[in-house]
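Take a look at the structure below.
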Amino acid sequence: MTTTAPTSPPTGTPVSDADPFGPEILEDPLPFHAALREAGPVVHLSRYGVYAMGRYEQVHAALRDWQGFQSGAGVGLSNFRTEQPWRPPSLLLEADPPHHDAPRRVLSTILVPRALRGLRERWTAAAVDLVDGLLARRGDVVEFDAVPALAEAFPLRVFPDAVGIPAGGRENLLPYGEFLFNAFGPHNELVAAGAPRLPELAAWVNAQCAREALAPDGFGARIWAAADRGDITPEQAPLIVRSLLSAGVDTTVHALAAALHAFATHPEQWRRLRARPELARVAFDEAVRWASPVQTFFRTATTDVRVADTVIPDGEKILMFLAAANRDPRRWTDPDRFDLSRDPSGHLGFGFGIHQCVGQHVARLEAECLLTALAARVETIEVAGPTRRHHNNTLRAWGSLPMRVRLG
């Protein structure tokens with residue numbers, strides 16, 4: 001959570017003095033992303049002394065090359081080679097092989113699609129119950145704020161149940177995740193705003209990761225069972241549970257909000273989903289590509305690494321703009337359009353390579369259940385009033401998304 005001392009880029013490397021963590025760019029990053037892509041394959045951000053990549057080809061390659069672009073030195077601006085992490089690093093997100101292998105293998109086994117089949121019926125019923133309760137208020141036209149009413153309510157209802165944590169205190173998950181993702185950026189006002197509650201929030205989250213706090217049939221208990229089998233150590237088990245609680249809620253909340261906003265502003269795509277509800281998962285992936293709820297992640301060069309015509313020196317931080325890559329016209333046709341006829345596979349909204357989001361199938365199932373329940377009841381969906389963005393150093397989020405739906 002520090003600001004890296006500025007360094008001088010190699011001769012010929014494009015330089016930008018823009019602040020990607022400033023309020024103007026956080027409010028609307030698209031112009032900056034376009035400028036970054038056009039400037040070159042690699043751009044030096046002079047304000048922070050880091051290298052940046054916004055084109056799909058280079059971001060995709062860096063995510064795949066964990067040997068040259070390590071995660072173990074931190075996936076935020078802070079460099080763990082020279083700075084102390086504010087918490088024990090994530091065994092999944094902030095570790096490389098061989099330390100990354102066993103935790104990833106255990107969690108991948110627990111969260112693979114076939115292992116989630118038992119949740120489908122329960123989550124489908126929960127989605128129908130939530131939607132029915134929301135829409136039963138009055139008449140054929142209903143207005144609500146989609147962020148708290150749907151995007152937050154559904155993940156906070158079903159995901160902690162699946163992990164196996166108690167019902168009390170779940171409201172702590174969102175502010176904890178909010179701080180976590182802010183902490184990947186510089187120590188700015190967003191980090192400072194969340195710091196006073198961090199000890200309380202971290203203590204609560206850590207307490208939920210203990211074996212005795214977890215229900216016997218949830219993801220968390222299965223992680224501890226893997227420790228009992230010797231697949232991981234007892235010391236690793238609570239850190240892996242923490243990874244689920246840290247990254248499994250906020251990202252899904254903001255992805256669901258992005259999907260709802262996409263449909264509200266593209267009514268023809270909502271009609272397409274209603275006609276073909278089986279497109280719910282494609283729609284969610286297209287929304288993740290289009291909106292990129294996770295905008296950025298850092299890597300660190302393990303040696304002098306050549307990217308196009310630039311050599312990034314050993315130990316330097318590289319800021320990968322997943323969102324810019326997901327709208328790169330070199331990769332996508334008409335990238336600024338939300339389109340259910342598109343094949344969005346290959347988008348980088350869940351990362352790529354060995355650090356690709358291990359919980360992406362969980363998020364897809366949540367989205368499929370909620371969008372399908374909505375499509376069965378709602379004929380039209382539109383923005384009903386002024387919207388408000390919520391700024392975060394890493395996430396693209398909505399703070400308020402008023403919507404008007406007509407039942408049919």
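Below is a table of values for the structure above.
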| item | result |
| --- | --- |
| Spin-label model distance (nm) - Glu278 vs Glu189, 7 Å beyond Cα toward Cβ | 5.1 nm |
| Relative contact order [Cα under 8 Å, 6+ residues apart], the chain, whole percent | 26 percent |
| Contact order relative to length of the range 284-408, as percent, for alpha carbon pairs under 8 angstrom and 6 or more apart | 26 percent |
| R0 of 60 Å, Cβ-Cβ distance Val383-Asp304: FRET efficiency to nearest 0.05 | 0.80 |
| FRET efficiency for Arg122 and Ala225, using Cβ-Cβ distance with R0 set to 25 Å, rounded to 0.05 | 0.75 |
| Inter-site label distance for Thr233 and Arg406 at 7 Å from Cα along Cβ, in nm | 6.2 nm |
| Distance histogram for the chain (every C-alpha pair counted, 10 angstrom bins, percent rounded to whole numbers) | 5, 23, 33, 26, 12, 2, 0 |
| Relative contact order [Cα under 8 Å, 6+ residues apart], the range 151-210, whole percent | 33 percent |
| Solvent-accessible area per residue, Å², over the chain with all protein chains present [probe radius 1.4 Å] | 40 Å² |
| The chain - percent of accessible surface contributed by carbon and sulfur, probe 1.4 Å | 53 percent |
| Neighbour-limited loop hits for GluC sites (Glu not before Pro), the range 195-279 (at most 16 other Cβ within 10 Å; DSSP other than H, G, I, E, B) | Glu235 |
| Dipole moment magnitude, nearest 20 debye, the range 3-407 about Cα centre, only Lys, Arg, Asp, Glu C-beta charged | 760 debye |
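The values are calculated or read from the model by the stated rules, or taken from the named source; none is laboratory data. Everything quoted here is computed from the prediction, not taken from an experiment. Virtual Cβ from ideal backbone geometry, glycine too; neighbours counted across all protein chains shown. Note: areas computed on protein heavy atoms with side chains; ligands, DNA, RNA excluded. Shrake-Rupley method; radii C 1.70, N 1.55, O 1.52, S 1.80 Å.
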